[in-house]
1. Take every Cα-Cα pair in chain B and report what % of them are more than 28 Å apart.
2. In whole Å and largest first, what semi-axes does the C-alpha gyration tensor of chain A yield when each eigenvalue is scaled by 5 and square-rooted?
3. Want the number for B:Arg227 to B:Thr400: 0.36 nm per residue separation, take away the alpha-carbon distance, what's left?
4. Only four residue types carry charge here, +1 at the Cβ of Lys and Arg and -1 at the Cβ of Asp and Glu. Report the dipole size of segment A:235-432 about the Cα centre in Debye, rounded to the nearest 20.
5. Where in segment A:347-382 does the amide nitrogen come within less than 11 Å of the point 7 Å from the Cα of A:Gln202, taken along Cα to Cβ?
6. Considering only DSSP states other than H, G, I, E and B, which GluC sites (Glu not before Pro) in segment A:274-330 qualify as loop sites with at most 15 other Cβ atoms within 10 Å?
7. When a/c is below 1.5 the answer is rounded, else prolate if a/b is larger than b/c, else oblate, so apply that to segment A:6-211 with a ≥ b ≥ c taken from the square roots of the Cα gyration tensor eigenvalues.
8. Give, as a single signed number, the net charge of other residues whose beta carbon lies under 13 Å from the beta carbon of A:Ala121, with Lys and Arg counted +1 and Asp and Glu -1.
Amino acid sequence: MNIPYTRQTLDNGLDVLVHEDHGCPIVAVNLWYHVGSKNETPGRTGFAHLFEHLMFEGSQHYDKGYFHPLQEAGALLNGSTNADRTNYWEVVPTNALELALWMESDRMGYLLPALTDAKFANQRDVVLNERRQNYENRPYGFAGMAIMAALYPADHPYQWMTIGAAEDIRAAHIDDVRAFFQTYYRPRNASLALAGDIETEQAVELAGRYFGELEGGHEPPPVQVPTVAPFLSERRLVLEDRVELPRLYLSWHSPAIFAADDAELDLVAEILASGKTSRLYRTLVYQERLATEVAASQSSRELAGYFQIIVTAAPGRTLDELERAIAVAIDVLANEGPTPQEMERCQAQAEANFIFRLQTVGGFGGKSDQLNAYNVFVGDPGFFERDLDRYRRVTPASVQRVAREWLQPESRVLLSVVPRGRSDLALAGSQPVTVS
Amino acid sequence: MRVDRARLPALGADPSLRFPEIQRRTLSNGLRVWTIEHHAVPLVSFLALVPVGASADPLERPGLAAITSDMLDEGCGDLDAMALHDTLGRIGGHLDSEIGSDATILTLSSLGRFADRASALLADMVMHPRLEAPDFQRVRELRLNRLIQLRDLAPALADRAFARLLYRDHPYGHTPLGTEESLQAVTLADVRAFHGGMFTPSQATVIAAGDATHDALAASVEAAFGRWSTTGDGKPPDPSLWPLPEPPEERIALVNRPAAAQSELRIGHIGVPRHTPDYHALLVLNIVLGGQFVSRINMNLREDKGYTYGARTSFDFRRGPGPFALSASVQSDVTIDAVSEALNELHAIRGDRPVTAEELQTGRAALTRGYPRNFETAEQISRGAAQLALYDLPDDYFSTFVPRILAVDEKTVTNAAERYIDPARFVTVIVGDREKVSPEIARLNMGAPAELTSI
């Protein structure tokens, strides 16, 4: 099982990956720039994402907005920014492949001549509204910001969320856009995947024609990552928010994406909180009814990961009760390991998840996005089978070991989010934090 | 060859799309079984469509259909909830359950080699859910807690208030979750009676799609669902029999959310049923007005004014007339400016600034050229087919979609706008900070807002 592909690197350094899938007369164009909020600096947060917005506002040779010709051609398109990378994609009918390549290559090569103060000011307002909609006006919306700030030191590239601080977004300047574009939006820092109803040879030729003329640029400066000293004692924080039910976030540092123990911790998350048979759902929601919901995840990123458990208290139950129950569940897993039944279920689910991801050529998480992820993060677009092998190789003993090694009580960050004026509902000993 | 940057590359002819063949059979118990072969990946998907949704809730029991559907995976046949979910996990199953106004849809996808097991599990959930007291108590409690949490979610508040104002006691006047009062009062006997009366093979459709032959898929469904029999007639309510309420007295309503960073907006009125002969014209109208990024509403409120992260309109086509609504979440201090701009756009497309030839071309092309994307995965195709089953659409529906869209002209769109967008009936709901919004509402000349407190 894999995603067959061809890779060709253009003279300017742009990687071109092609995967044929003739099931449906569509092609996915997926372009990754290896830049994200980790490339920002304190005081300038949110910029990589604001920049992504400007990529949709037109470029030198088609300066009437990015969406119009593509939506008229039947394309679905979008982009996203996270800490590590920014991606842009179109899924087009086969006859619009050249159009999509023309548009993507024009904004890669010729964005700045079309940039204006008006566009910049408009998209800054749009991004501030995105922040209001998805964080400020949403219950528990500030939790992520408080947690990142607690997990990482001030100069660490993961210390802030990709959306950034509102005051930083307001302070962003159009000159920063120019510098950012010249540093990061170069063919050498990008990876282009084409997947769908195309012939490889023709796809490579087209990619070369549209992108080959662009200057490669230099390698961007490396990201400075300060060492994070292991936490010697847990941190307890409380955030007041417009919420009805208190919620507890438990977070730990964890391995980076594809690093040792990453897949094991993914399965730990699965065993603890995925589906009704998971340990925490069964005890906290199903049997004891202490919680209304529980989730766990291993969020692995390029430089480092974090493991997180999120649990919401049922009315009348306390976060202290939940914290104790979760500590016990982790303890049991670390001491006794998973059951054979749990291993069978989690590994079958992992395999199915890999196959489910093979169903679509484009969009977030489709085959083209996957090829780029492997190419950018491990330098091998053909990593699919090895990636799946990481999950096949997990043993009960290795699950037990990572639970013991990574999920220690003294290295946790515990954030209580409680209704306004009810800091008494937080875990005992929590320090107030403010986020805005 | 150097790229010609002076003009965009021509598209050339649109690719032809071969629509997936749907084989249709009916079992002796009346169950319709549709199969679709799709061999791209070793997966199968089984979709059970029961044409009973939240609109089938008794007037005094809003939420009954949804809590019933929620109970289906709490144990079935020989398996209690834990055993059922353990089994689902071990076949790599993905279970999805959704309830809308008109239907309950359960979809179970799994690795192809477990097709028979998946089909049997789905059948057990639909036919023989255990519906036991401890599970019911827990599920009800969780749904009540969900209601509590929604008090702080502005979009949920806006949706509930909007449905209530538009439809009142009409079956579309509540969201599937129901109300606290109703959930407190509902009993396990209600759920059992609802399931027994409404879940019947003669009204349901099972759609099997994936990496197997038509015959194998059909055999799998028949083995699992063949012995389904019930006493109820499961006839879903007929929406054409429901009288529509008059537009409310309140033209504008406010749900106060002190210090909210944004105001959540809904503007619209009762729309049209799925069966309208103007369906395709309305799709074109909507995509120009607020149905995609380059639509008028989004270009105005987002790309020109920067008031919002995004704004859109939609006709919610149901068996009966669903709502037509404009939705957006806008910066608090420009709330009334945003409402004014939105109202201007809704007015203008009816005649002052009718759809232009260029807009028509863009909108039609987006719909027709984008159509192949809906046929990529087995589950997408099943969901498309489920629409045919639910709304009794003709067998050639997929293959006639593109020509019908292309047949819509400017005049048809403007006529549709005039006829189906009626500013005189608009209701505007604002979930936002009263202190910021109220002083400016007078500018809209809609009278004083009704303040809604319990939603």
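1. Values: 59200 of 103285 pairs.
The share of Cα pairs beyond 28 Å in chain B comes to 57 percent.
2. On the way: eigenvalues 309, 148, 69 Å².
The answer is 39, 27, 19 Å, longest axis first.
3. Details: separation 173, 0.36 × 173 = 62.28 nm, distance 3.62 nm.
Between B:Arg227 and B:Thr400, full extension yields 58.7 nm more.
4. Working: 23 positive and 27 negative charges, 73 e Å.
With Lys and Arg at +1 and Asp and Glu at -1, about 360 debye.
5. Of the residues in segment A:347-382, none has backbone N under 11 Å from the label point off A:Gln202.
6. Numbers: sites: A:Glu288, A:Glu293, A:Glu302, A:Glu321, A:Glu323; in loops: A:Glu288, A:Glu302.
Those satisfying the criteria are A:Glu288.
7. Details: a/c = 1.85, a/b = 1.72, b/c = 1.07.
Prolate is the answer for segment A:6-211, as a/c is 1.5 or above and a/b outweighs b/c.
8. On the way: positive: A:Lys119, A:Arg124, A:Arg170, B:Lys305; negative: A:Glu57, A:Asp117, A:Asp125, B:Glu303, B:Asp304.
Charge balance near A:Ala121 sits at -1.
Every number in this text was worked out from the coordinates using simple rules, so none of it is lab data. Here the structure is a predicted model, which is why all the values come from computation and not from measurement. In this analysis, Cβ positions are derived from the backbone assuming ideal geometry, glycine residues included, and neighbour counts consider all displayed protein chains.
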